[in-house]
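J.: Before we start, here is the structure in question, set down as structure tokens.
The values are calculated or read from the model by the stated rules, or taken from the named source; none is laboratory data. No experiment lies behind these values; they were computed from the predicted model shown. For neighbour counting, all protein chains shown are included, and Cβ atoms are generated from backbone atoms with ideal geometry for every residue, glycine included.
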Protein chains: 2
Amino acid sequence: MPPDLNLRISPRTVQRETVDKLRLAIFSGLFQPGSRLVESQLCTQLGISRPSLREALRSLEAEHLIEIVPNRGPSVPALSWEVATAIYEVREMLEVEAAGRCALRISPEQLRELEKSLSAFEEAASSNDSLAQVMTAADFYSIILANCGNPILEEVHRGLVARISFFRGRSMSLEGRAQSSLAEMREIFESIAAGDEKAARKASKQHVLKAKAAAKVSMDSGI
Amino acid sequence: MPPDLNLRISPRTVQRETVDKLRLAIFSGLFQPGSRLVESQLCTQLGISRPSLREALRSLEAEHLIEIVPNRGPSVPALSWEVATAIYEVREMLEVEAAGRCALRISPEQLRELEKSLSAFEEAASSNDSLAQVMTAADFYSIILANCGNPILEEVHRGLVARISFFRGRSMSLEGRAQSSLAEMREIFESIAAGDEKAARKASKQHVLKAKAAAKVSMDSGI
DNA sequence: TCAAGCCGATTGTCTGACATTCTTGCAATC
DNA sequence: GATTGCAAGAATGTCAGACAATCGGCTTGA
């Protein structure tokens, strides 16, 4: 028997359900950065009690998806470009490392999964649904990170990418960004498929750098 | 006026106070890994109500300092060596990068702070107080990370180091580990003081690798 | 126009409650 | 003797309601 196979089924508690829903709401831009989240409103909208909601909010606070100022309550933080830059830098470190490791150790089966997710992104890229683009792209990274052999790398990366979902959504709407993103991701995929660690690292680095540049453009232009 | 100077004073709420106290309790080994945390007991010990405690627990859960299984409640996770290895690897990436950047940009004033914290560790190293050793060493890293120019790097690093505090405490108790740790940290300090990025990276990498090895030894020997 | 003060809205925190689920000990059965 | 089944107790998940402290905005007065 595998030593650490986690067979325990996790009942979905109200708290967890709430965290997931709110997280998704933030990703999809339902809550704009800077907007306040009023407890009583959320309670009625979600149909839950205040204690449960507050527990969920504390979880999101610890993930840095919201911030809670005492006596003012929770709000979606407006990410400064300075912090966004910092996140992109760390994301680059993690993603480059993960891509490199992934190229050396991914299984054929997972490679097919990666290809599938690339196709999914390709389809999304040809549409105008920027949320779908962000989500499918996240799946693509997720598979790479899940196969880098380091669960912590994956976990930290997921947390960071979540925090810049706002920027990612906006920059995906940029003219041609989705298509060039697709090209970059295809290059990453090819390198990993070829088992070429160096190429995977290089392609991955390029991709993050361009994503960061696109985010900067969208931020400067759009307000 | 600085654009983003945060002048808001944060009233210390019961929730935050509780998070800090529990975090410290975990660091100091008051709660052994694997042990369950019973809400009613903690409530009476801390003198707070259950909702406040539960909010605090959710925060700690999101920091991965505790885990909460539905209908079983919170407990301190027993870190497997596999996960610990993963954490050490990511910590290495972050700390090496931070040390390198720090060497290029630290201010003379902060450098003095770094030297001070090194002295503090030196003193702790000659004692037998392994908690003090862990704490002062954490201060040392903290200054490096705070001067690397990337707040996210700092934040993520702090979170990871927190999670391996148990291992760090145990390995510091190893014969001679504190002294060799001191030597390694001094080398890091010297490199940063000299503004030598490459040396700082190298010394930092060595330090983390040795810390990891020491953790492995203490784990294998001690049970 | 601007400052001071008041009022509603919101949050921080507590108490108490109850259904559900887990744990544990004991009895019954094979 | 080992395993199964069950029942009591303990712990958690969730809710409702309450109240003081604080914040933000609006009115009022100078």
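J.: Is at least one residue of region B:181-192 closer than 29 Å to B:Ala78 by Cα, of a type in the set (Phe, Trp, Tyr) and part of a helix (DSSP H, G or I)?
T.: no
J.: Looking at this structure, is B:Cys102 outside any loop (DSSP other than H, G, I, E, B), more than 11 Å from chain A (Cβ to nearest Cβ) and touching a Cys at 6+ places or on another chain (Cβ under 7 Å)?
T.: Considered against the rule, which asks whether it is outside any loop (DSSP other than H, G, I, E, B), more than 11 Å from chain A (Cβ to nearest Cβ) and touching a Cys at 6+ places or on another chain (Cβ under 7 Å), B:Cys102 comes out as yes.
J.: Related question: Confirm whether A:Ile87 is modelled with pLDDT of 95 or more and more than 11 Å from chain B (Cβ to nearest Cβ).
T.: So A:Ile87 does not fit the description; no.
J.: Which one of these does B:Gly169 not meet: (1) assigned to a helix (DSSP H, G or I); (2) in contact with a Lys or Arg (Cβ under 8 Å, 6 or more places away or on another chain); (3) not aliphatic (A, V, I, L, M)?
T.: (2)
J.: Shifting gears a bit: Show the residue pairs meeting these rules: Cβ distance below 7 Å; 6+ apart or different chains; first residue within region B:24-42 and at negative phi; second residue at pLDDT 95 or above and hydroxyl-bearing (Ser, Thr, Tyr).
T.: As it stands, the answer is B:Ser35/B:Ser75; B:Arg36/B:Ser75; B:Leu37/B:Ser75, since those pairs meet every condition given.
J.: In region A:151-169, what residues are without any contact (Cβ under 8 Å) to a residue 24 or more places away in the chain and buried (at least 20 other Cβ atoms within 10 Å of the Cβ)?
T.: Selection gives A:Ile152 alone.
J.: Let me ask another. Out of the residues in region B:23-38 that are outside any loop (DSSP other than H, G, I, E, B) and out of contact with any helix residue (DSSP H, G or I) (no Cβ under 6 Å at 6 or more places or on another chain), state the one that is surrounded by the fewest Cβ atoms within 10 Å (Cβ to Cβ).
T.: B:Leu24
J.: Further question: Report every pair of residues separated by at least 6 positions or lying on different chains whose Cβ atoms are under 9 Å apart, first residue within region A:44-71 and more than 28 Å from A:Glu155 (Cα to Cα) and free of Cβ contacts under 8 Å to residues at least 24 places away in the same chain, second acidic (Asp, Glu) and within 13 Å of DNA strand C (Cβ to nearest atom).
T.: Qualifying pairs under 9 Å: A:Arg50/A:Glu39.
J.: How many of the residues making up region B:16-53 are among the acidic types (Asp, Glu), under 25 Å from the mean Cα position of the chain (by Cα) and either closer than 17 Å to B:Met135 by Cβ or within 13 Å of DNA strand D (Cβ to nearest atom) (or both)?
T.: 1
J.: For region A:108-115, does any single residue satisfy the condition of being part of a helix (DSSP H, G or I), out of contact with any helix residue (DSSP H, G or I) (no Cβ under 7 Å at 6 or more places or on another chain), under 26 Å from A:Glu63 (Cα atoms) and at pLDDT 95 or above?
T.: The answer is no, given that none of the residues of region A:108-115 is part of a helix (DSSP H, G or I), out of contact with any helix residue (DSSP H, G or I) (no Cβ under 7 Å at 6 or more places or on another chain), under 26 Å from A:Glu63 (Cα atoms) and at pLDDT 95 or above.
J.: Kindly list the number of the only condition in (1) away from DNA strand D (no atom under 14 Å from the Cβ); (2) surrounded by fewer than 20 Cβ atoms within 10 Å (Cβ to Cβ); (3) part of a loop (DSSP other than H, G, I, E, B); (4) not hydroxyl-bearing (Ser, Thr, Tyr) that fails for B:Cys148.
T.: Result: B:Cys148 passes all but (2).
Matching residues to (1) away from DNA strand C (no atom under 16 Å from the Cβ); (2) within 11 Å of chain B (Cβ to nearest Cβ); (3) assigned to a loop (DSSP other than H, G, I, E, B); (4) surrounded by fewer than 15 Cβ atoms within 10 Å (Cβ to Cβ):
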{"position": "A:Arg16", "(1), (2), (3), (4)": "no, yes, no, no"}
{"position": "A:Ser40", "(1), (2), (3), (4)": "no, no, no, yes"}
{"position": "A:Gln45", "(1), (2), (3), (4)": "no, no, no, yes"}
{"position": "A:Ile48", "(1), (2), (3), (4)": "no, no, yes, no"}
{"position": "A:Ala56", "(1), (2), (3), (4)": "no, yes, no, no"}
{"position": "A:His64", "(1), (2), (3), (4)": "yes, yes, yes, no"}
{"position": "A:Asn71", "(1), (2), (3), (4)": "no, yes, yes, yes"}
{"position": "A:Pro74", "(1), (2), (3), (4)": "no, no, no, no"}
{"position": "A:Met93", "(1), (2), (3), (4)": "yes, yes, no, no"}
